[in-house]
Amino acid sequence: MTPKQTTFYWSLWRECCQKNGWRMERGRLLHDPFKLNEMGKKVWTMAEQIAIQQHRAVLLDDLRHAVHIVALGRQRSSKDFTNKEFNKVRLVLQLCADFDNLQAQMEQANPEMAERGSFVAFLRKKAHEGLIITISQNAFGTKHWDDLPIEKLRWLSKQLKERQPARSLRTATKTFYRRREYDAANVERAGRTKTRMKCSRE
């Protein structure tokens, strides 16, 4: 995970624990079974299986690892999550905290939606909207780049990563807009010159 994803992951985990009443006190896990929603029940059941295999009571870490298993179908360290795996775990945590989260429900039902959201967020972070629109217009004939299919969003992401390896994308974006301003200024000066020439002839 990236540092930002790590921070978000632990924030979601804390919220999940608070909403479900999960906390450790004097070495014992306290919980309120009446607070569990449908996703919370799945996580709790999986955590119980983990604890049974270890011949002990359920611990808070069992619940966190259970989230990973429910999301991914297997245990995997959060440090090793890919972007796709992080999105799956994120959705389980969000639904565990609030099962009425319609956005999370839709993303879980349609994994491509979550992947699209990640690509769109990445592209907006890496370059100015105007630069992305220009590349999309030239490559695909549309300025509505955020409506492109996932394959074309992947291509856009790759293009922005490889566009100018010697300089940051922010520098490239600034250069792009300086050129636009320069061209606009030249057009304006040419217009004023033409007007003056016309007036002098009159």
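The values are calculated or read from the model by the stated rules, or taken from the named source; none is laboratory data. Predicted model, so just to flag it, every value in this text is computed and none were measured. A quick note on method: Cβ atoms are made from the backbone with ideal geometry, for glycine too, and the neighbour counts reach across all protein chains shown. Accessible surface areas use protein heavy atoms only, side chains included; no ligands, DNA or RNA. Shrake-Rupley method; radii C 1.70, N 1.55, O 1.52, S 1.80 Å.
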So, for the Cα atoms of segment 58-128, Rg and Dmax in Å stand at 13.3, 48
Residue-normalised value, i.e. accessible area per residue, for segment 35-118 at 1.4 Å probe, in Å², stands at 54 Å²
On the accessible surface of segment 1-105, probed at 1.4 Å with all protein chains in place, carbon and sulfur together account for a percent value of 51 percent
Sparse-neighbourhood loop hits (trypsin sites (Lys or Arg not before Pro), segment 45-76; DSSP loop; Cβ within 10 Å at most 13 others) -> R56, R74
Honestly segment 1-118 on the Cα gyration tensor test (a ≥ b ≥ c root eigenvalues; a/c under 1.5 rounded, otherwise a/b vs b/c for prolate or oblate) is just prolate
The summed charge of the M1 Cβ neighbourhood (under 13 Å; Lys/Arg +1, Asp/Glu -1) stands at +4
